[in-house]
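Peer 1: Can you read through this structure? Questions will come right after.
Just so you know, all these numbers are worked out from the coordinates, no wet-lab data involved. In this text the structure is predicted, and so the values were computed from the model without any measurement. Note: ideal-geometry Cβ built from the backbone for every residue, glycine included; neighbour counts use all protein chains shown.
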Amino acid sequence: MCGFFYALYYFLQNLVNYIYIWQPSTISKKLDIRVGKIIEVNDFPEAKKLAYKLRIDFGPEVGVKNSSVQIVALYSKEELLGMLVLGVVNFPPRKIGPFESEVLTLGVPDKDGKVILVAPQRAGAVLGGKLF
């Protein structure tokens with residue numbers, strides 16, 4: 001009987017920890033996700049998979065950052081220029097070949113596994129605005 005209560009206690013303790021870790025307020029404190037505007041798009045021929053090099057303006061607080069994205073299958077360079085996107089701005093920079101990607105530009109997969117960018121749906125989103 002003692003083993004049952006120990007197992008129950010252990011299960012409940014892990015459940016409480018899991019719920020605490022994944023509370024939206026906790027996630028938003030750890031990830032700094034901001035609205036940015038794509039101001040420059042270039043091909044990235046050195047990448048192993050087809051990709052673009054982006055320059056994204058995240059407003060005065062964060063500034064302009066670089067990002068490498070594998071979205072060539074669904075987006076043209078012309079279509080991307082001026083588009084608002086969401087990006088994680090507080091991850092450490094990641095070296096991708098000769099390019100340093102400073103921001104994780106967010107996307108979700110379509111049914112074929114191609115990346116669809118996450119973007120504000122309505123006009124008026126403020127550059128550098130934080131996701132909450």
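Peer 1: For ASP32, enumerate residues with amide H under 5 Å from its amide H, sequence gap 5+ or separate chain, H modeled in the peptide plane.
Peer 2: Answer set, sorted by chain and number: VAL89, ASN90.
Peer 1: Of all the C-alpha pairs in the stretch 33-117, what % are more than 23 Å from each other?
Peer 2: Every Cα pair in the stretch 33-117 considered, those over 23 Å come to 14 percent.
Peer 1: What's the exposure ranking of ILE96, ILE71, ILE39, ILE56, going from fewest to most Cβ atoms within 10 Å?
Peer 2: Ranking ILE96, ILE71, ILE39, ILE56 by Cβ neighbours within 10 Å, fewest first, gives ILE39, ILE96, ILE71, ILE56.
Peer 1: Right, here's the next one. Taking R0 as 25 Å, what's the FRET efficiency between GLN70 and VAL126 from their Cβ-Cβ distance, rounded to 0.05?
Peer 2: The computed FRET efficiency comes out at 0.35.
Peer 1: What are the residues whose amide H is under 5 Å from the amide H of ILE96, where those residues sit 5 or more places off or on another chain and H is modelled from the backbone?
Peer 2: Placed amide hydrogens put SER101 under 5 Å from ILE96.
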